[in-house]
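To start, the structure itself, in structure tokens.
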Amino acid sequence: ELKKLSKAVDQSPVMTLITDVSGRIEYVNSQFIETMGYTFEEVIGKNPRILQSGKHDQEFYQDLWQTVGNGEVWKGAFINRRKDGTLIWDQSSISGIRDFRGDITHYIAVKEDITDLKQKTEAAEKNQKLRDVLYAITAASINASSVSDLYAEIYKYISEIIHSSNFLMAMLTTEENLIYFPFETDLYNSDMPESIPYDPEASLTARTISEGRTLHLSEEEIKNMVGGGVITMGEFPSV
């Protein structure tokens, strides 16, 4: 019976981890090793904090240990870190293992990898939020009393889905080959020109318009492009 139970736990499709009352790992099953990337020897005797991603505050873990220390079952989701550094969402149930006297001698955590489900859920929520914002902008376009009011409304709704402390709207006039900036809000207090020439080789804004896609550049990449003469930015902020 013990061998059968042992094999059932080891071959379970969910991760199982057992610690002593001090939190030292005494057992992990094969699914844990496969999912987290550690060998059995690398985790035995270690504290589960080796899995921490830094995404949870101290209160999160205090609540967990207080709950299981009181003999209750803790249920929740972790963002943990695999050995290779990648993050994983796992849905966990943690409880105490009691001896014949009713004293807790060990803790057992049963963990299921829900990373794919979490990512799909978050993507669906973002897509729904984007649809809501587009609908709100459409409604604002119909009801706005002036173009200036419409710009402000667009900014308000866009701010719900992207970081907008440095935000501008660019409008291309093909007749004049100029990019105008009818609306901008900038916490860096840089001086925005009324317009710039439409030159994808010298302007990131023009390049974004010409390529029809977003450009994801770090501050360091932008500085290198400016320093190397690839683009010119004038008084534009570098962050």
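Identify the chymotrypsin sites (Phe, Trp or Tyr not before Pro) of region 69-125 meeting these criteria: DSSP loop state and at most 11 other C-beta atoms within 10 Å of the C-beta. Don't skip to the end; give the middle numbers.
Details: sites: W74, F78, W89, F100, Y107; in loops: F100.
Those satisfying the criteria are F100.
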**Q.** Cβ-based charge dipole, the chain, positive-most Cα from T39, I137, L51
**A.** T39
Q. In vacuo Debye scattering of region 1-45, one point per C-alpha: log10 I(q)/I(0) at q = 0.26, 0.31 Å⁻¹?
A. -0.94, -1.09
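Under a Cβ-only charge scheme (Lys and Arg +1, Asp and Glu -1), can you give me the dipole magnitude of region 154-213 about the Cα centre, in debye to the nearest 20? Each step should come with its number before you reach the end.
Details: 3 positive and 10 negative charges, 57 e Å.
Rounded to the nearest 20 debye, it is 280 debye.
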Q) Comparing L168, L87, L187, which has the greatest mean-square fluctuation in the GNM of the chain with Cα pairs linked when under 10 Å apart? A) L187
Q) For region 88-177, with the dipole built from +1 on Lys and Arg beta-carbon atoms and -1 on Asp and Glu ones, taken about the Cα centre, which of Y151, F167, T115 lies farthest toward the positive end? A) T115
Q: Do me a favour and compute the ellipsoid semi-axes for region 77-220 from its Cα gyration tensor, root of five times each eigenvalue, largest one first, whole Å.
A: 50, 20, 14
Q: Mind putting a number on the dipole of region 67-158 about its Cα centre? Charges go on the C-beta only, +1 for Lys and Arg and -1 for Asp and Glu, and I need it in Debye to the nearest 20.
A: 160 debye
Q. Is it possible to state the helix-based mean residue ellipticity at 222 nm for the chain, with each DSSP H run of 4+ residues giving -39500 (n - 2.57), the sum divided by total residues, to the nearest 500 deg cm²/dmol? What is it?
A. -11500 deg cm²/dmol
Q: Report the chymotrypsin sites (Phe, Trp or Tyr not before Pro) located in region 116-176 that are in a DSSP loop and have at most 15 other Cβ atoms inside 10 Å of their Cβ, or state none.
A: none
Q: Please express the Cα-Cα pair-distance distribution P(r) of region 80-136 as a list of whole percents, one per 10 Å bin, running from 0 to the bin with the greatest distance.
A: 19, 27, 23, 18, 9, 4, 0
**Q.** Anisotropy class of region 60-100 from Cα gyration tensor, a/c 1.5 cut
**A.** prolate
Q.
Can you compute the charge dipole magnitude of region 103-221 about its Cα centre, using +1 on each Lys and Arg Cβ and -1 on each Asp and Glu Cβ, nothing else charged? Give it in debye, rounded to the nearest 20.
A. 540 debye
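Given a 1.4 angstrom probe, what's the average accessible area per residue across region 1-117, in square angstrom? Provide the component values of the computation, followed by the final result.
On the way: 7110 Å² over 117 residues.
Ligands and nucleic acids excluded, the result is 61 Å² per residue.
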Q) Across region 1-108, how large is the tail of the calculated P(r) beyond 17 Å, expressed as a percent of all Cα pairs? A) 57 percent
Q: Counting other Cβ atoms within 10 Å, keep those with at most 13, restrict to DSSP loop, and tell me which GluC sites (Glu not before Pro) in region 55-142 are left.
A: E72
Q: Compute the long axis of helix 115-143 from its Cα atoms, compare it with the longest principal axis of the Cα atoms of the chain, and write down the angle in degrees, 0 to 90, nearest 10.
A: 30 degrees
Q.
Given a 10 angstrom Cα cut-off, can you work out which residue in Q58, Q119, Q128 is the most mobile in a GNM of the chain?
A. Q58
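Please report the carbon-and-sulfur percent of the accessible area for the chain; probe 1.4 Å, protein heavy atoms only, DNA, RNA and ligands left out. Kindly include the intermediate steps, with their values, before the conclusion.
Working: 8070 of 15400 Å².
The value for the chain is 52 percent carbon and sulfur by accessible area.
The values are calculated or read from the model by the stated rules, or taken from the named source; none is laboratory data. Computed from a predicted model, the values in this text were never measured in an experiment. Virtual Cβ from ideal backbone geometry, glycine too; neighbours counted across all protein chains shown. These area figures cover heavy atoms from the full protein model, side chains too; ligands, DNA and RNA do not enter into them. Shrake-Rupley method; radii C 1.70, N 1.55, O 1.52, S 1.80 Å.
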